[in-house]
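Since the structure comes first, as structure tokens, the remarks are kept for the end.
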Amino acid sequence: MADFWDFIERLEFSEGAELTETMLRHIFHSIPAASRIEKATEDADRDGTDYWVHRLHGLPSISIDMKNREFCPIERYGSDDVCIETTSIYRGPNDRQWLDNFRIVPGWTINDKKRTDLVVYTWPHKKDLFAEEYVRFWILYFPHLCAATQRKWREWAKQYGEKPALNRDYLTLSIYVPRKVVASEIRVFTAGNIPIL
């Protein structure tokens, strides 16, 4: 396996550098035959890739999309939730009556054109009053997250509400869904019983 630090020494970190470095090291060492990590180009980033994990033996590279949250919702709200983006660009009235005809671009979580293998959710967290901050994370196979979200997002929107984030001239709409609810919906695709035809 290649030396992870070859990559880290060349990477110019921005916000969340320490958290990103910690997670990239974990991801690198958890993928068999990983040889190096490369920061994605701007075009690849728009398609859903922040980093590529390249592998040996001619295996295809793995696309990683990092979703770093600025705070831990457990500490702030007592809720272990994840951000499900329903609409990337919404250009309509900001009256909480989100209308489909103003949803211009689908959110990353339901966009099946997104070129992503793994989504990595991270949150800064403290174990206790005396502990150093550490990274809490959840790594998901994106196609299963996307499929689960496509099936359930309207139901989740009614139950938890879509929250707007203001951008330059549009809104982005997201739902903050409990992690156990998302995990339960993903299990529909990863475990269970199906009838034999």
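The values are calculated or read from the model by the stated rules, or taken from the named source; none is laboratory data. All figures in this text were calculated on a predicted structure; none of them were measured in a lab. Reconstructed Cβ throughout: ideal geometry from the backbone, glycine too, with neighbour counts over all protein chains shown. All accessible areas refer to the heavy atoms of the entire protein, side chains included, with ligands and DNA or RNA removed. Shrake-Rupley method; radii C 1.70, N 1.55, O 1.52, S 1.80 Å.
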Which one is farthest from the chain's Cα centre (by Cα) among residues in segment 54-76 that are under 21 Å from Cys146 (Cα atoms), of a type outside the set (Asp, Glu) and assigned to a strand (DSSP E or B)?
-> Ile62
Hey, any hits in segment 88-102 for a residue that's under 21 Å from the mean Cα position of the chain (by Cα), in a loop (DSSP other than H, G, I, E, B) and farther than 17 Å from Gly161 by Cβ?
-> no
Subset of segment 59-87 that is open to solvent by 30 Å² or more (accessible area, probe 1.4 Å) and among the hydroxyl-bearing types (Ser, Thr, Tyr) - its residue that is nearest to Met23 (Cα to Cα) | Ser61
Asn193, sole failed condition from (1) touching a residue at least 40 places away in the same chain (Cβ under 8 Å); (2) open to solvent by 60 Å² or more (accessible area, probe 1.4 Å) = (1)
Mind checking which residues of segment 65-97 are more than 25 Å from Lys126 (Cα to Cα) and in contact with a Ser or Thr (Cβ under 8 Å, 6 or more places away or on another chain)?
-> Glu85, Thr86, Thr87, Ser88, Ile89, Tyr90
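Among the residues of segment 112-133, count how many are outside any loop (DSSP other than H, G, I, E, B), at pLDDT 80 or above and open to solvent by 30 Å² or more (accessible area, probe 1.4 Å).
Of the residues in segment 112-133, 1 are outside any loop (DSSP other than H, G, I, E, B), at pLDDT 80 or above and open to solvent by 30 Å² or more (accessible area, probe 1.4 Å).
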Test for Thr190: is it within 24 Å of Met23 (Cα to Cα) and of a type in the set (Ser, Thr, Tyr) | no
State which residue is least open to solvent (accessible area, probe 1.4 Å) when the search covers only segment 142-181 and only residues that are more than 23 Å from Phe71 (Cα to Cα), touching a residue at least 40 places away in the same chain (Cβ under 8 Å) and not in a helix (DSSP H, G or I).
-> Tyr170
